[in-house]
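The values are calculated or read from the model by the stated rules, or taken from the named source; none is laboratory data. Keep in mind that this is a model prediction, so the values were computed, not measured. Note that each Cβ is placed from the backbone with ideal geometry, even for glycine, and that neighbours are counted across all protein chains shown.
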Amino acid sequence: MRIGLVSSAVPLIQGGGRFIVDWLAPKLIEAGHQVETIWIPQTDDPETLFQQMLAFRLIDLNDSCDRIITFRPPAHVIPHHNKIVWFIHHFRAFYDLWQTEYCAVPNTEYWKSFRRTLMAADTKALNEARKVYTNSAVVGRRLKQFNGIDSEVLYPPVMQPERYFSVGYSDSVVMICRFEHHKRQHLAVEAMKYVKTPVRLHIAGMSSGEEEKYVHLLRKTVMQHRLANRVTLDYRWISESEKISLLSSALAAAYVPLDEDSYGYPTVEAALASKCTITTSDAGGVREFVSDGVCGVITAADPRSLAEAFDRLWSNRKHAGELGSGARARVDELKISWADVVRRLTG
């Protein structure tokens, strides 16, 4: 089958939205399909969102592809006679983050009308799909709530799970993800003000240019509270090899986003290295993977509660190892594999 993998991409920004496509392509080729990956540049500027959606809508792949699989919005608006959608998130500022502190769009009549029009356009395009999958039950519930669309959960694996390993449990909690306000690295940094053990925190990743102020705020917090000897802010792109090395010796991973779209690659990567994830009760899709006391730790979304979790694992490495083993078993329990993904997307 000739398959087109179509997704939007913000130029020069890496992350899960790209990985899900880049890692799927070779697996489809291994299964005997012809694959073309089509990246369409997109910006997150709401002022030009409808113009961008129109450009996507005018793309015609009917003659060149037997099937298209779309991922990051607004790729789902592309018309095709055999369209499969693996939906990874909405334009969240107009959906679940509307009128929250994480939404920069003003609550005016203009933007309310804009939001209604966007929802109608999304619903029409999604209803054209032969099948809609989501990367988590959380996103599936949003699709049902906002667009009335039924979907099936299809959890994304990492590219080479066999590369991950554990060499033990050090004194560092690691947090590897993009620096973004709604990823809430600030909760973990602030938690370090309250820890009572010598536990350390290592946060690594990049961000879009729009989040530079957030990174500056984190650095300021570290300096103000004299945490520089215990908190590492590693603001750069982390290669897969570096990530694997960091996780191999970590005490645990921390991932505390607000109502995340899925369990997040950081969670499953940690699990593959037999490391548990510390998360929060409002972390969204992360909760689909992490069970408190079984394969991770779930706390309230406040720094003191996170500090207690950090201290508890530092003080009991055996328990950290048991939770890490539970996290590794959870990967198998959820049947997270490329074989399952390829079978369902091509069936």
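What residue, of 228, 188, is touching a strand residue (DSSP E or B) at 6+ places or on another chain (Cβ under 7 Å), among the hydrophobic types (A, V, I, L, M, F, W, C) and either in the same structural domain as residue 249 (by TED's automatic domain parsing) or on the phi > 0 side of the Ramachandran plot (or both)?
After ruling out the rest, the residue left standing is 188.
Regarding residue 158, is this residue under 21 Å from residue 262 (Cβ atoms) and outside any loop (DSSP other than H, G, I, E, B)?
So residue 158 fails the test.
One residue is enough: does the stretch 6-24 have a residue meeting the conditions small (Gly, Ala, Ser), surrounded by fewer than 15 Cβ atoms within 10 Å (Cβ to Cβ) and not assigned by TED's automatic domain parsing to the domain that holds residue 205?
no
For the stretch 99-155, give me each residue that is assigned to a helix (DSSP H, G or I), within 19 Å of residue 75 (Cα to Cα) and small (Gly, Ala, Ser).
The answer is 120, 121, 125, 140.
Among the residues in the stretch 324-331, are any touching a Cys at 6+ places or on another chain (Cβ under 9 Å), surrounded by fewer than 17 Cβ atoms within 10 Å (Cβ to Cβ) and not hydrophobic (A, V, I, L, M, F, W, C)?
Checking the stretch 324-331: at least one residue is touching a Cys at 6+ places or on another chain (Cβ under 9 Å), surrounded by fewer than 17 Cβ atoms within 10 Å (Cβ to Cβ) and not hydrophobic (A, V, I, L, M, F, W, C).
Report the residue count in the stretch 262-294 for those that are acidic (Asp, Glu) and touching a strand residue (DSSP E or B) at 6+ places or on another chain (Cβ under 7 Å).
Of the residues in the stretch 262-294, 1 are acidic (Asp, Glu) and touching a strand residue (DSSP E or B) at 6+ places or on another chain (Cβ under 7 Å).
Checking the condition part of a helix (DSSP H, G or I) and not acidic (Asp, Glu), which residue from 287, 226 passes?
Result of the check over 287, 226: 287.
For the stretch 258-273, how many residues meet the condition of being small (Gly, Ala, Ser), closer than 16 Å to residue 334 by Cβ and at pLDDT 90 or above?
Going through the stretch 258-273 one residue at a time, the tally reaches 2.
Quick one: residue 252 ticks every box in (1) assigned by TED's automatic domain parsing to the domain that holds residue 285; (2) among the hydrophobic types (A, V, I, L, M, F, W, C); (3) more than 19 Å from residue 289 (Cβ to Cβ); (4) within 19 Å of the chain's Cα centre (by Cα) except a single one, so which number is it?
Only one criterion in (1) assigned by TED's automatic domain parsing to the domain that holds residue 285; (2) among the hydrophobic types (A, V, I, L, M, F, W, C); (3) more than 19 Å from residue 289 (Cβ to Cβ); (4) within 19 Å of the chain's Cα centre (by Cα) is unmet by residue 252, namely (3).
Among the residues of the stretch 75-98, which ones are aromatic (Phe, Trp, Tyr) and either surrounded by fewer than 21 Cβ atoms within 10 Å (Cβ to Cβ) or part of a loop (DSSP other than H, G, I, E, B) (or both)?
Across the stretch 75-98, the qualifying residues are 91, 95, 98.
Which ones in the stretch 159-189 are surrounded by fewer than 22 Cβ atoms within 10 Å (Cβ to Cβ) and among the aliphatic types (A, V, I, L, M)?
159, 167, 187 - these are the residues of the stretch 159-189 that are surrounded by fewer than 22 Cβ atoms within 10 Å (Cβ to Cβ) and among the aliphatic types (A, V, I, L, M).
Does the stretch 26-38 contain at least one residue that is under 17 Å from residue 90 (Cα atoms) and either surrounded by 12 or more Cβ atoms within 10 Å (Cβ to Cβ) or touching a helix residue (DSSP H, G or I) at 6+ places or on another chain (Cβ under 6 Å) (or both)?
Checked against the condition, which is being under 17 Å from residue 90 (Cα atoms) and either surrounded by 12 or more Cβ atoms within 10 Å (Cβ to Cβ) or touching a helix residue (DSSP H, G or I) at 6+ places or on another chain (Cβ under 6 Å) (or both), the stretch 26-38 yields no hits at all.
Only one of (1) among the basic types (Lys, Arg); (2) at pLDDT 90 or above; (3) not in a loop (DSSP other than H, G, I, E, B) is not met by residue 213, so which one is it?
Tallying (1) among the basic types (Lys, Arg); (2) at pLDDT 90 or above; (3) not in a loop (DSSP other than H, G, I, E, B), residue 213 fails exactly one: (2).
Can you tell me which residue within the stretch 190-209, out of those that are without any contact (Cβ under 8 Å) to a residue 60 or more places away in the chain and among the hydrophobic types (A, V, I, L, M, F, W, C), is surrounded by the most Cβ atoms within 10 Å (Cβ to Cβ)?
Looking at residues that are without any contact (Cβ under 8 Å) to a residue 60 or more places away in the chain and among the hydrophobic types (A, V, I, L, M, F, W, C), I get 203.
Looking only at the stretch 295-317, how many residues end up being under 20 Å from residue 249 (Cα atoms), among the small types (Gly, Ala, Ser) and not in a helix (DSSP H, G or I)?
Of the residues in that region, 1 qualify.
Identify, by number, the condition in (1) farther than 25 Å from residue 85 by Cβ; (2) in a loop (DSSP other than H, G, I, E, B); (3) of a type in the set (D, E, K, R) that residue 335 doesn't meet.
(1)
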